[in-house]
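To start, the structure under review is shown below, and the notes come after it.
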């Protein structure tokens, strides 16, 4: 299994709108794609000194599944234009980890 980890930051005024966009549009659209090997997504949120940090962790069976989601240059972050408008900064690249252990 592969974990795709990405960070984005908003100011406090945009944080709720960004979270809503993720949950109601972006994540829904990803699910509708029925990507083979896509196992789900986790969303984390944390208040930080200069705003709010979001972390997405996506789960895939293989790197080929990640490529089906993100394309051949799979490390490049997939950030739709409407999300970019709400973010103050974000990781240009996503990190990919081979999952060694998972909870039961």
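Each value in this text was obtained by applying a stated rule to the coordinates, not by laboratory testing. In this text the structure is predicted, and so the values were computed from the model without any measurement. With ideal geometry, Cβ positions are generated from the backbone for all residues, glycine too; neighbour counts draw on all protein chains shown.
Overview of results
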| item | result |
| --- | --- |
| Extended-chain gain in nm, criterion 0.36 nm per residue less alpha-carbon gap, residue 79 and residue 11 | 22.8 nm |
| Residue-span extension gain [residue 55 to residue 88] - 0.36 nm each, minus C-alpha spacing | 10.5 nm |
| Taking 42, 7 and counting other C-beta atoms within 10 Å, the order from fewest to most | 42, 7 |
| Value at 222 nm in deg cm²/dmol, rounded to 500, when DSSP H runs of n ≥ 4 in the chain each add -39,500 (n - 2.57) | -6500 deg cm²/dmol |
| Cut-off 20 Å (backbone N to label point 7 Å along Cα→Cβ of residue 42), residues of region 4-20 | 4-9, 19-20 |
| Burial ordering of 65, 34, 88, fewest other beta-carbon atoms within 10 Å first | 34, 88, 65 |
| Percentage, to the nearest whole number, of Cα pairs in the chain over 23 Å apart | 26 percent |
| 0 to 90° range, to nearest 10: angle between helix 12-21 axis and the chain longest Cα axis | 40 degrees |
| Sorted by Cβ density within 10 Å, fewest first, the residues 10, 56, 24 | 24, 56, 10 |
